Amino acid sequence: MRRRTLLQLAVVAPGFAQNAKPPAGIPWTQWGGPNRNFQTDAAGLKDQWPASGPKVIWKRPLHEGYSSPAVENNVLYTMYGGYETETVVACNAATGKTLWEHTTPMTFHSDAAGDMGNGPYSTPLIAGDRLFTTGVAGRLQSFDTRSGKLLWTQQLWQDHKGTQVMYGYASSPIAFRDTVIVPVGGRGRP
C-alpha cells in the first residue's frame, strides 16, 4: 500500500493579532536555520505550548513533499510536488498569500520511495536576492527572490555526472561565503 504524504503548511506565531504584520524576526534562510544547527537567537519564544497548541495564523495545503520553509523579510519560500510536477512557491509570511510560484515538469518516480512519496525533500536556500532549490530529480535552480523569475537551471545528475539515488535527490543547498554547495555524488563503482 503506497502512502502519499501531503505537505500542509501551518504558520504558528502566538503573540500577534490575525491581521497584524508579524515581526520580521531572525531570517531562517536555509536548512537548519541561520547557522544550520536548528537553533535561533530569537527572543520571546515559549518553552512550552498551551495544551491547545499554538495559535494558527494561517494554513494552506501544498500537495506532496517534505520541503521545510526558508523565511526572510516576511517572505516564506518552500517547495511541493504534484502529479509529475514540482513547484517552488513564495508566500507572504503573515497571510499565506502566494507572491509567486514556479512549476516545472518532474518525471522522477521511485518504487523504493513509495512509502515516502516522490518528494521534494530539500529546503530552499536564500542567498542575497537569489533563491536556490534542488528538486527530487537532481535539478538545481536559481530564482530571483522578488519576481520568481527563473535565472538558470542545472541538472546535477546529467550535467555533472552525479549518481542518481533510488529515493531521489534530497540534499538542501547551503551557502558558504559567495558559493552555493550541493552534493552531486560520483560514480565510484566500476
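Values quoted throughout were computed directly from the atomic coordinates according to the rules given, and no laboratory measurement underlies them. A quick note: this is a predicted structure, and the numbers were derived from the prediction, not measured. Note that each Cβ is placed from the backbone with ideal geometry, even for glycine, and that neighbours are counted across all protein chains shown.
Amide H contacts of GLY138: TYR169, each under 5 Å away and 5 or more positions distant or on a separate chain (H built 1.01 Å from N in the peptide plane; Pro and chain starts excluded).
Using C-alpha pairs below 8 Å separated by at least 6 residues, the relative contact order for region 46-190 is 18 percent. Using the Karplus relation 6.51 cos²θ - 1.76 cosθ + 1.60 with θ = phi - 60°, the per-residue 3J(HN,Hα) values for region 169-180 come to 6, 10, 7, 8, x, 10, 9, 9, 6, 9, 10, 9 Hz, with x marking Gly and Pro.
The peptide list 169-175, 101-107, put in order of mean Cβ contacts within 10 Å with the highest first, becomes 169-175, 101-107.
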